[in-house]
Amino acid sequence: MENLTYESAFKELEEITREIENEAVSVDVLSEKVKRASFLIEYCQKKLRQTEDEVGNIIRQMEGDSK
């Protein structure tokens, strides 16, 4: 499994998007780039959901401690 961070995944996704927008991707590798972009989008969404859940749990714990 690759060692991705949200920041590195987002940066790579931006690079892929820029390449596709600038038509710098040959037709031969376009499918690979789109598959990679799809994976990176899914990874980023999952990471954001996990972070949101963790922050929500922390806030609930803090609210519970203050009662």
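A few comments on the model shown:
- Residue in segment 5-21 that is loosely packed, with under 10 Cβ neighbours inside 10 Å and either touching a His at 6+ places or on another chain (Cβ under 7 Å) or part of a loop (DSSP other than H, G, I, E, B) (or both) present: no
- Condition check for GLN61: assigned to a helix (DSSP H, G or I), modelled with pLDDT under 95 and surrounded by 10 or more Cβ atoms within 10 Å (Cβ to Cβ): yes
- Out of VAL25, VAL29, VAL55, sole residue that is out of contact with any Pro (no Cβ under 8 Å at 6 or more places or on another chain), of a type in the set (Val, Ile, Thr) and not in a helix (DSSP H, G or I): VAL25
- Looking only at segment 34-58, residues that are of a type outside the set (Gly, Ala, Ser) and surrounded by 11 or more Cβ atoms within 10 Å (Cβ to Cβ) come to 13 in all.
The values are calculated or read from the model by the stated rules, or taken from the named source; none is laboratory data. Quick caveat, the model's predicted, so the values are computed rather than measured. A quick note on method: Cβ atoms are made from the backbone with ideal geometry, for glycine too, and the neighbour counts reach across all protein chains shown.
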